[in-house]
Number of protein chains: 2
Amino acid sequence: MKLASLKSGRDGRLIVVSRDLSRAVEVSNIAHTMQQALDNWQQTEPRLQNIYQQLNEQQSLGFEFDQQACHSPLPRAYHWADGSAYVNHVELVRKARGAQMPDSFWHDPLIYQGGSDTFLAPTQDIQIPELDWGVDFEAEIAIIVDDVMLGCSTKDAGQHIKLICLVNDVSLRNLIPGELAKGFGFYQSKPSSAFSPVAVTPDELHTHWQDSKVHLPLSVHFNNELYGQPNAGVDMTFDFSQLLSHAAKSRPLAAGTIIGSGTVSNKDRSVGSCCIAEQRMLETIEHGKPISSFMRYGDNIRIEMFDHQQNSIFGQINQNLHPVE
Amino acid sequence: MKLASLKSGRDGRLIVVSRDLSRAVEVSNIAHTMQQALDNWQQTEPRLQNIYQQLNEQQSLGFEFDQQACHSPLPRAYHWADGSAYVNHVELVRKARGAQMPDSFWHDPLIYQGGSDTFLAPTQDIQIPELDWGVDFEAEIAIIVDDVMLGCSTKDAGQHIKLICLVNDVSLRNLIPGELAKGFGFYQSKPSSAFSPVAVTPDELHTHWQDSKVHLPLSVHFNNELYGQPNAGVDMTFDFSQLLSHAAKSRPLAAGTIIGSGTVSNKDRSVGSCCIAEQRMLETIEHGKPISSFMRYGDNIRIEMFDHQQNSIFGQINQNLHPVE
């Protein structure tokens, strides 16, 4: 099943989207918003699935689906926690900062909590007042869950993964070292993120959803050139069940909690990168210093994922960087 | 004006509470929930104020107000960021961890983002599976704001402070060193917080609300003994306008964002402490090692604030620590 939120008020208006992303139907009789659907997932999910099946079978049903009319699936969420599951990326970024990565990072997941009250729409401009802050994109996978009990085991976590989507976790690289040195983690260095227009249930990924990982390449275009296409199922040290269990260690998580994978990254460097920081690190290793600059005003970032028939699964994150109006 | 949320569903049911906390009225014709009221504050605030005035003037109006029936003012929120505005407390806690505090902490606010999807009710048990995690309370003040623009100045921030309440920011002290060493800040070490039953508009504090600070003692009882009563307006290095402006540096903040002060702490040690960690540090300085243990199952923590006539302003946070059921 594929779901999206049309721009409308603060929380959007829930729609069911056809598998080929061509058509959609409103479902306000089932749930007005994505959050409402997730709050009552046991009741809403079979009814939404039923609509989805009809929509795919009857070409005459619904209206034309317009990705531009979509907000992020949850325009605002109660909890957005981002992992760093591709540990070799973390190792490279740390090296780029001149910081050492502890060995424990290979067996103890790293998670930070990000701002979830003002997400950007998938095609909304990224507005940052100062280029000196070092604006970077980070292409990631994220899961959305129903209610998760305190202490949920890795084994039990998988059943709570209800939806999957893509993220652009915008990062302000030059604010990070100062902020991390203060010891409280990211705050100003992580402005609002944007999500793919469409969130899908795990069954939509068929055999590409295995071991709580998405086994498909994540396609990143920067200014219309392919920047990276690492496989999200490769080199993911911690799968989503492990990240979720880690997040629920000391408290329950509410329905609508979003957990991100961290920047997707493969050890195979021929597949490119999902953020500029990683590219700069590779340049530093090769040339002694970074060559690529961070984003400039007018720059465009596109993030998408395709199945083996080259069909877009989640629609497209497509954003330009602009100064604050 | 005083507002509260009766326990009901995931978001509670908004009520207006009389100044003396004796009576309340439902206001579903104005807004069903606290979040709804904040989402449309310009429209809802004058209408709610009108009800509040009637409630205070007419003793026959409304039903008996029961603090036990209340959830936290926002049972779940889109953004909960906690500052460390009482810097001498930060300095003591760092010393207790054997960590150095950088001088920059005196002029650059420290803020972390906490879990806001599963707040505890004001009288709800704190459930923590392992006492070894070092369970501690932290008594704090918090503000709740309407929509705040990216880059909001300290000068403009004050007008966005719509409500004030108290917080128990539960902390797992023994998880903190390991978590901070990883560099991403608190996550598992900060389980769900609880808030006072009642949130009040700044005008309720009269002259005690000055310079974006609450100039009244915060009363903390641990197992029915007075543990601390520091004045929240004293030694607050960063006021709430400064914390808010810091939070909005790189992105806008949505209505319903909650910003905490961090543990209230005065340099005058005779007023006691608002958390056990601070007490343990003072013991270490005096006796060479901490004497107080962190919370044990069955322990009770009460947090309240009184005006000069000994009237409770926000109602009472009153929680017991228990193992997970």
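Quick notes
- Across the stretch B:187-202, coupling constants 3J(HN,Hα) worked out from phi with the 6.51/-1.76/1.60 Karplus curve, θ = phi - 60°, read 8, 5, 6, 10, x, 4, 8, 10, 10, 5, x, 10, 10, 10, 6, x Hz, and Gly and Pro carry x.
- Average beta carbon contacts from partner chains per residue of B:103-116, 10 Å cutoff: 4
- Percent of beta bridges antiparallel (DSSP, the protein assembly as shown, rounded to nearest 5): 90 percent
- Spacing of the two label points (7 Å from each Cα toward its C-beta) at B:Lys95 and A:Lys95, in nm: 4.2 nm
- When the alpha-carbon atoms of the stretch B:256-317 are used, the pair Rg, Dmax equals 14.8, 44 angstrom.
- Rounded to two decimals, the Cα radius of gyration of the protein assembly as shown over 2.2 N^0.38 Å is 0.95.
- Relative contact order (%) - criterion: Cα under 8 Å, at least six apart; region: the stretch B:197-303: 27 percent
- Annotation: peptides A:137-149, B:196-208, ranked by per-residue average of other Cβ atoms within 10 Å with the highest first, follow the order A:137-149, B:196-208.
- For residues of A:128-141, the mean tally of beta carbons on other chains within 10 Å: 1
- In this structure, the pairs whose alpha-carbon distance is over 26 Å, taken from A:Lys213/A:Lys249; B:Lys95/B:Lys182; B:Lys95/B:Lys267; A:Lys7/B:Lys182, are A:Lys7/B:Lys182.
- Taking every alpha-carbon pair within the stretch B:2-69, the share separated by more than 16 Å comes to 41 percent.
- Here the accessible area is traced with a 1.4 Å probe on the protein chains. For the stretch B:2-69, carbon and sulfur cover 42 percent of it.
- Projected-area average for the stretch A:113-184 over all orientations - Cα convex hull basis, square nanometres: 6.9 nm²
- Averaged over the residues of B:75-88, the number of partner chain Cβ atoms lying within 10 Å of the residue Cβ comes to 3.
- For the stretch B:2-69, the solvent-accessible area works out to 50 Å² per residue, with a probe of 1.4 Å and every protein chain left in place.
- Using only the C-alpha atoms, the convex hull of the stretch B:76-322 corresponds to 120 Å³ per residue.
The values are calculated or read from the model by the stated rules, or taken from the named source; none is laboratory data. Small disclaimer: the values here were computed from a predicted structure and weren't measured. We place every Cβ from the backbone using ideal geometry, glycine too, and count neighbours over all the protein chains shown. Ligands, DNA and RNA are stripped out before the accessible areas are found, and what is left, the full protein with its side chains, is counted by its heavy atoms. Shrake-Rupley method; radii C 1.70, N 1.55, O 1.52, S 1.80 Å.
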